[in-house]
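In what follows, a single structure is set out as structure tokens and then discussed.
The values are calculated or read from the model by the stated rules, or taken from the named source; none is laboratory data. Predicted model, so just to flag it, every value in this text is computed and none were measured. Note: ideal-geometry Cβ built from the backbone for every residue, glycine included; neighbour counts use all protein chains shown.
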Amino acid sequence: MDEFRKIEQLMIDIFSRDYQFALATTNLDDISNRYVDTYYHEGCFYVVTYQSSRKICDILIHNKVALTSRNLYSFQGNASNMGHPHLTENQVIREKLIQVFEKWYFKHNNEADQNMCYMKIELSKGFVHHEGKGYAIDFTNRTFNEFPFISSIEYTDE
């Protein structure tokens with residue numbers, strides 16, 4: 001059995017749902033950070049957005065991005081604009097995103113707007129933890145290092 005399958009299953013268990021991350025992008029002059037709803041599927045995170053958004057404008061200049069969560073999960077990867085949800089090649093992921101984001105997908109997105117699009121983040125590196133173990137992940141080479149990890153951070157309300 002592929003040893004990396006353990007990490008793939010952990011990623012599915014934690015992130016194959018509506019999961020919020022802070023997404024950092026850059027246009028090489030400025031860095032921008034914002035919270036986004038994501039969905040994990042087959043080694044990538046997906047975000048629903050618009051062509052005119054700062055995140056899409058930034059990735060057209062520099063496609064390397066970073067994701068971080070309050071739970072200390074962090075990832076790096078290469079982002080791309082997949083285009084409009086109605087493109088034939090987006091139909092499978094569109095169905096998944098509608099289901100995962102069903103509470104708000106059509107309230108906050110207008111598929112009649114030709115500027116609506118999906119962002120795909122292909123992961124290169126990451127860190128997750130689960131049940132007292134941390135995992136430094138190399139998605140490119142399908143390897144990981146496992147080590148003891150207990151979070152001792154005390155969160156504030158702000």
With the condition kept exactly as written, say whether any residue in the stretch 28-35 is of a type in the set (A, V, I, L, M), within 17 Å of the chain's Cα centre (by Cα) and at pLDDT 95 or above.
no
Being under 23 Å from D2 (Cα atoms), out of contact with any helix residue (DSSP H, G or I) (no Cβ under 7 Å at 6 or more places or on another chain), not hydroxyl-bearing (S, T, Y) and not in a loop (DSSP other than H, G, I, E, B) is true for just one of F144, F127. Which residue is that?
F127
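Considering only the stretch 70-113, state which residues are of a type in the set (G, A, S) and in contact with a Leu (Cβ under 9 Å, 6 or more places away or on another chain). Reasoning before the result, please.
Within the stretch 70-113, the first condition is being of a type in the set (G, A, S), and the residues that meet it are 74, 77, 79-80, 83, 112.
Those that are of a type in the set (G, A, S) and in contact with a Leu (Cβ under 9 Å, 6 or more places away or on another chain): S74, G77, A79.
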Complete set of residues in the stretch 15-35 that are buried (at least 19 other Cβ atoms within 10 Å of the Cβ) and hydrophobic (A, V, I, L, M, F, W, C):
F15, F21, L23
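Quick grid of which residues meet (1) closer than 20 Å to N81 by Cα; (2) under 18 Å from the mean Cα position of the chain (by Cα):
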site: Y105; (1), (2): yes, yes
site: C117; (1), (2): yes, yes
site: S124; (1), (2): yes, yes
site: V128; (1), (2): no, yes
site: G132; (1), (2): no, no
site: D138; (1), (2): no, yes
site: S152; (1), (2): no, no
site: D157; (1), (2): no, no
Against the conditions (1) closer than 17 Å to N115 by Cβ; (2) at pLDDT below 95, where does D2 fall short? Just the number, please.
(1)
Subset tally (residues that are surrounded by 11 or more Cβ atoms within 10 Å (Cβ to Cβ), touching a residue at least 40 places away in the same chain (Cβ under 8 Å) and of a type in the set (A, V, I, L, M)) for the stretch 111-154
6
Which one of these is at positive phi and without any contact (Cβ under 8 Å) to a residue 12 or more places away in the chain: E102, E95, E42, E89?
E42
When the residues of the stretch 38-87 are narrowed to those that are of a type in the set (D, E, K, R) and surrounded by 19 or more Cβ atoms within 10 Å (Cβ to Cβ), which ends up farthest from the chain's Cα centre (by Cα)?
D58
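Based on this model, can you work out whether L97 counts as hydrophobic (A, V, I, L, M, F, W, C), at pLDDT 95 or above and surrounded by 19 or more Cβ atoms within 10 Å (Cβ to Cβ)? Before the answer, list the steps.
On the way: hydrophobic (A, V, I, L, M, F, W, C): yes; at pLDDT 95 or above: yes; surrounded by 19 or more Cβ atoms within 10 Å (Cβ to Cβ): yes.
Considered against the rule, which asks whether it is hydrophobic (A, V, I, L, M, F, W, C), at pLDDT 95 or above and surrounded by 19 or more Cβ atoms within 10 Å (Cβ to Cβ), L97 comes out as yes.
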Can you pull out every residue in the stretch 127-149 that is on the phi > 0 side of the Ramachandran plot and of a type outside the set (D, E)?
G132, R142
